[in-house]
Structure formats: C-alpha cells, structure tokens
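All remarks here apply to the structure that follows.
Nothing in this text is a laboratory measurement; each read-out follows from the coordinates by a stated rule. Being a predicted model, the structure only gives us computed values, none of them experimental. Neighbour counts are summed over all protein chains in view; Cβ atoms, including those assigned to glycine, are modelled from backbone coordinates with ideal geometry.
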C-alpha cells in the first residue's frame, strides 16, 4: 500500500519530534504517570497560588467544598452567600490555614452577604474583592436552588407542567440563571479592568446533569440549568478574545442538605425544600444522607464510588486553574456516565 510519505521528498519529511524529558522520567511507560503524580504531590504544588476568587453559595454543601479546596491551593477566596452565620463561620475557620503568615493570613478567606438575584449585591461582592486584592481571577457561580418539590402522587402531581407555579418558576430562574449571568457580567468587568496584560480569568459555573438530559429534575430547575449551559457557551465565545475562559461543571446528584431535604420533603408531601436537616441530630442526619446516597448509587451507571461534594470541587479546581488554560465553553460532566447512555439491552 502506498503511503502519503512516499510521495514526499526525503528532505521534507520531518524527523520525529523529541519531547522534553519529564522530571523523574523512567523508561517504564506504565510507571511514568505514577512517578509524575507522586512528584507533584510531594512538591505540595498549589494550583491557585496568588489568585483571587469569589465563590457564590459558598457557605455550605458543594460551595463549601469548593471554598475549602480553593483556599488549600493558595487562592484568596471571598465567600458570597445569603447564609451569614454559616459563611462567616467558614471564613473564620479557614483564616490562617494556608501558608500565609501574619496579617496576610487574614485575607485568605472572607465573607460577604450576597443574594445573587440582586444585582447590587453581586456588584458589591465583586467590588469588595477588587478593593481588598486589586484583581479578580476566578468566579465560581455555585449559588442555586432546587425549587419546590411536590408529592408526585398520581392524584396530586404538583411537579407536573400542568401545575406549573409561575412565581416559583421565576424564583428559580432568578437565582440559578439570572444570578449566574449577573456574576459573569460583573466578574468580566473586573477581570478586564484589573487583570490587564493578558492575564484573563476563569469563570466556572456549577450546572447539573439536569441541564444535559430531561427527567433529571423539576421543570424550573431543569430550565435554569439548560439556560446556564447556553450562557456559558455564549459568554465563552465573547470573552475568549480577552483571555477569559468560561466553563461549567455538571454533577450528578450529591447528597447535600438541599437534595436530602428535597427528597425527604417530597416523600413526606411537603411543598418546598427547607433547612430542617441542618438541625437534625447527627445520627439522624447521617442516616438521611446515607439513604439519599444509596438511592443515587442505585441510579448510577458507574458502580463503586459515591459522588460527593469534594469530587465536584476538584472539577471546579481544574477549570479554575491554569491546568485548563485552553479549555473554554466546556461543560465538564461529573456523572459517572449517567447522561451518556441507557442500558436498554442489558449489556
């Protein structure tokens, strides 16, 4: 069989590319990745060193996990949340947990009250980050609500589109979609203003598998997450010329208080999620979490691991860091394959 190379003059055929040897390189290809990973871990590399980040909805759940991993990797983080007590407690607990010393350690994590559906709150949060640190490198749009949960019973299916509550639909869209859009607006302005010389920035939004596949959540929530995916792609298209990357993470179900309470309330026939789970006794709450995780494991395609907040935080860390420097407009789905297939033939 004649190949394309046979038609090329010998002097035009490039020599094989010589790739630079990695640190601790070995001739054993199978061992090389492990050696490299071990070397990076041993060096204690901090992947957000010197960066300034805002995490909305960062006081609890997935947001709290993102805040913790960002701080651990060297970022100065502003928690923006409506839960003042939880947000302030988290910020206080993280002061001085990084490698900073003295007065600088006080700046590694702080809190501001912020309702993301209120533009003045979002603008104030971004302004505080700029005032304190002079720049904004990362925005993580994590704040969100699931929305009202009906019983789903045949005789009273309040989740039905035929029973859509317009006010509830508007509330969910204002937080999940408008809130993210406002975050992108003011973060983009800050990144353009304070990060000159091509530094760019990274905007990461926490979406959901409900934005990828129908039937994964209530109508309002599903609509809001589809909107967030579209917004991510459009913003990435516009902001790319400024070196600003825009991506999102879409996890499968995680047994946060929001999801645990929603499923518990739906079973009990309540109409909306609440925070009762937070004040349950430790043993009772642990039992509720385990029941939720067991249901999620039963629905999962990938058996073995259980998806938890830290897994989503690690995905957000990747997209926030320079390791994803050529990734933009992407939806990183963290679902163990749930949205990729349905095993209808019993494979």
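Computed values, structure above
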{"read-out": "Theoretical gain in end-to-end length, residue 241 to residue 308 [0.36 nm per residue, Cα-Cα removed]", "value": "20.6 nm"}
{"read-out": "Stretch gain in nm, segment residue 234-residue 290, where the contour uses 0.36 nm per residue and the Cα spacing is subtracted", "value": "16.3 nm"}
{"read-out": "Between segment 212-254 and segment 56-78, the Cα center-to-center distance that results, in Å", "value": "20"}
{"read-out": "Debye intensity ratio in log₁₀ form over the Cα atoms of segment 220-262, taken at each q of 0.24, 0.32 Å⁻¹", "value": "-0.85, -1.07"}
{"read-out": "FRET efficiency, residue 170 to residue 84 (Cβ-Cβ, R0 25 Å, nearest 0.05)", "value": "0.50"}
